[in-house]
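Data block below; observations after.
Each reported figure results from applying straightforward, stated rules to the coordinates on display, with no laboratory input. Note that the structure is predicted; figures quoted are calculated from it, not measured. Positions of Cβ are backbone-derived with ideal geometry, glycine not excepted, and every protein chain shown enters the neighbour counts.
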Amino acid sequence: MKIKNVTIAGGGVLGAQIAYVTAFHGFNVTIWGRSEGSIERIKPRIENLHNIFSKELMACPSYIGAENPNYPRSFFKDKNEITNEKIEELKNVNEKIFKEIKYTTDLNEAFSDADFVIEAIAEIVDQKKDFYEKISSYLKEDAIIATNSSTFLPSTFREYTGREDKFLSLHFANSIWRQNLAEVMKHDKTSDEAFESVIEFAKNIGMYPAVIKKEQAGYILNSLLVPFINAGLNLYGNDVAEPKDIDMDWKIGTGSPRGPFEIIDIVGITTVINISKTNPQANDPNSPIAKAIKKLEERAAKGLKGIETGEGFYKYK
């Protein structure tokens, strides 16, 4: 199936990135929000991405001819494509898409002409089920749906979509213009045609498609990342050490660029809270993970949600 019109449902940190990168690569993008308030919260994120892309493109001439340039990998197929002509072309694209991305709360407007829908709403099962049921009557017969869920398997939701064979998972990392990873995971009823179409779509928006041949909780990335973050949260919840020391211990000891709390700031505290609440140990208020969740919720209530708000465990302004 040829994908041209793409609707992103939800415009949080990652939803906004998915929308912007998809538009940047020539697709017609609509962002659907539940309410006008949701739309108004999405627009500043898109504006911020426009500014980030502008700054990235301003730096791109310095990568020309470099042996190992640290360039935004979703912008160019490889380092040989980094030329002044290509950079100027992408600057024009950046200005164009910023003005042309569509926003709507109307279900018919958002979904009736969509070839591909990427669901990026909150990691709450009932909200996702309700969303799929709500949009099913508006979709074209051949439209494909993918969930960007970071923790739930696609089989959890497939019966609510009305198109089990055209439903699967497409999970992105963060800062996807640089960390250009898209994990494509099918379930046992996903058609090969839908699977291949989404793999091709991921390539077409500058991602590396990590193909996951069967359902795996946490995909590949979060199968590795979530236990790492949980280990940091357990130390934090049990008052073993402060986040800064936990991060520095990990970075100095392993040579890794980021510790668990720096990663939490990137992912966003709200997402980490929602994921952590699915941990069975979170039901015990005396467990380290439950104590950590309480601390995270207190920080979130103060607006300390991570990079997006300018401050989380670290300041970014």
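Quick one: which residues, 5+ away or cross-chain, put their amide H under 5 Å from the amide H of Ala182? H built at 1.01 Å from N.
Correct list: Tyr208, Ala210.
Taking the inverse of the average 1/r across all pairs of different Cα atoms in the chain, what Kirkwood radius in Å do you get?
For the chain, inverting the mean 1/r across all distinct Cα pairs yields 20.5 Å.
Using alpha carbon centroids, what distance separates region 1-47 and region 177-219, in Å?
Each part reduced to its Cα centre gives a spacing of 19 Å.
Starting from the Cα-Cα distance between Ser155 and Asn80, subtract it from 0.36 nm times their residue separation and give me the gain in nm to one decimal.
Here the segment from Ser155 to Asn80 would lengthen by 22.9 nm.
So in the chain, what percent of DSSP beta bridges are antiparallel if you round to the nearest 5?
About 20 percent, rounded to the nearest 5.
7 Å from Cα along Cα→Cβ at both Asp284 and Lys140: what's the point-to-point distance in nm?
That separation, rounded to one decimal, is 5.2 nm.
What is the spin-label model distance, in nm, from Lys99 to Asn70 if the labels are put 7 Å beyond Cα along the C-beta direction?
3.5
With runs of 4+ DSSP H residues as the only contributors, calculate the mean residue ellipticity of the chain at 222 nm using -39,500 (n - 2.57) per run, divided by the residue total and rounded to the nearest 500.
After summing the helix terms and dividing by residue count, I get -14000 deg cm²/dmol.
With the crude spin-label approximation of a point 7 Å out along Cα→Cβ, what separation in nm comes out for Ser112 versus Glu89?
3.6
About the Cα centre, and with charges only on the beta carbon of Lys, Arg (+1) and Asp, Glu (-1), how big is the dipole of the chain? Nearest 20 debye, please.
460
Full extension from Glu242 to Arg178: what is 0.36 nm times the residue separation minus their Cα-Cα distance, to one decimal in nm?
Gain on extension, Glu242 to Arg178, equals 20.1 nm.
Pop out the ³J(HN,Hα) list for region 116-121 in order, Karplus 6.51 cos²θ - 1.76 cosθ + 1.60 with θ = phi - 60°, rounded to Hz; leave Gly and Pro as x.
Along region 116-121, the couplings run 8, 10, 10, 8, 9, 8 Hz.
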